[in-house]
Amino acid sequence: MLPIHKNQENPLLEFAKIPGVTYDDNRLPKRELKESLLKEQGYLCAYCMSRIGENSMKVEHWAPQNPDTDEGELSSEEKEKRRLLSIDYKNMLAVCKGDERSRPQEQHCDTKKGNETILYNPSNPNDYNKLKIRYLHSGRIESSDEEFNKEIENKLNLNCQKLISNRANIIQKIFQSLNMLKNNASSRRIDSILKNWNSQDSNGKLKEYAGVAIYFLTKRRNIKF
């Protein structure tokens, strides 16, 4: 996962002022909303960091509109709170479709999570450092936060075989490039590679699984120098 910096310009701001409007209202500028989310995330899924675009993404509400913990009839105050949450731009993330047509054990990200809640939001600055993410050479993703690690495994399924394999390929390429440098792997050279992975291209896109490469490059730089 990568930290997500929310755009200051909220495409839903004016619509949020309309009494009673919800996320399902057809007046909401869904295309502009998707475009804004994609740009701030470098066209990567907020969870697995796979490539997404307007036609290959979903808008996820980090705090679910209808959480699985709902019990009984909601009060009018709770209904209004849910309505406002459904159109709160800060509560929205662009995510992949999570292999939604595959078997349940192969689904991941929001498709797997559904209406369940998770501890941390990668677009909340107060949450990001709590993720405590690390990547293994095998391609697995883990968190030293025990509860969040369980959510990575069970709610987001970020260690399904497809994602492990994709991350492992990135890791292999990073170490191949570092091995080619050998004694020339100066801090300046590694910083240059890091900058490339941290930067969006001319179309505003980050490289797929950029967070994996950044993790290992930063670790290598800190150990070597």
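Odds and ends about this structure:
- Taking 16 Å as the straight-line reach from the Cα of Lys81, the lysines in range (excluding those fewer than 8 positions away in the same chain) are Lys17, Lys90.
- Residues Asn222 and Gln172, FRET efficiency given R0 of 22 Å [Cβ-Cβ distance, rounded to 0.05]: 0.60
- Here the extension length gained between Ser75 and Ser138 equals 17.9 nm, from 0.36 nm per residue of separation less the Cα-Cα distance.
- Order of exposure, largest accessible area first, which applies to Glu14, Glu60, Glu106, Glu73 with probe 1.4 Å: Glu73, Glu14, Glu106, Glu60
- Modelled FRET efficiency - R0 35 Å, Asn129 with Ile164, Cβ distances, 0.05 increments: 0.90
- Rounded to the nearest Hz, the phi-derived 3J(HN,Hα) couplings of region 117-122 under the Karplus curve 6.51 cos²θ - 1.76 cosθ + 1.60 (θ = phi - 60°) are 9, 10, 5, 10, 10, x, where x marks glycine and proline.
- Accessible surface of the chain, 1.4 Å probe: 45 percent of it comes from carbon and sulfur atoms.
- Across the chain, the relative contact order, built from alpha-carbon pairs under 8 Å that are at least six residues apart, equals 21 percent.
- Simple label model, 7 Å out from Cα along Cβ direction - Asn179 to Glu116, nm: 3.7 nm
- Cα Rg, Dmax, region 96-225, angstrom units: 16.2, 50
- With all pairs of different C-alpha atoms in the average, the Kirkwood value for the hydrodynamic radius of the chain is 18.9 Å.
- Student exercise, region 135-218 dipole from Lys, Arg, Asp, Glu Cβ charges, in Debye to nearest 20: 520 debye
- Nearest-0.05 FRET efficiency for Ser199 and Gln65, computed from C-beta distance (R0 45 Å): 0.85
- Estimated distance in nm for a label pair at Glu54 and Lys17, the labels positioned 7 Å out from Cα along Cα-to-Cβ: 2.7 nm
- Vicinal HN-Hα couplings computed from phi for region 14-23 (Karplus, 6.51 cos²θ - 1.76 cosθ + 1.60; Hz; Gly/Pro x): 5, 6, 5, 7, 6, x, x, 5, 10, 4
- Around the Cα centre of region 83-225, unit charges on the Cβ atoms of Lys, Arg, Asp and Glu (plus for the first two, minus for the last two) sum to a dipole of about 720 debye.
- Close amide H partners of Met92, meaning residues 5 or more places away or on another chain with modelled amide H under 5 Å apart, are Trp62.
- One equal scatterer on each Cα of region 60-143, no solvent, Debye formula: the resulting log10 I(q)/I(0) at q = 0.20 Å⁻¹ is -1.11.
The values are calculated or read from the model by the stated rules, or taken from the named source; none is laboratory data. Please read all numbers here as calculations on a predicted model, not as lab measurements. As a convention, Cβ positions derive from the backbone with ideal geometry for all residues, glycine included, and neighbour counts pool all protein chains shown. SASA here: full protein model, heavy atoms, side chains in, ligands and nucleic acids out. Shrake-Rupley method; radii C 1.70, N 1.55, O 1.52, S 1.80 Å.
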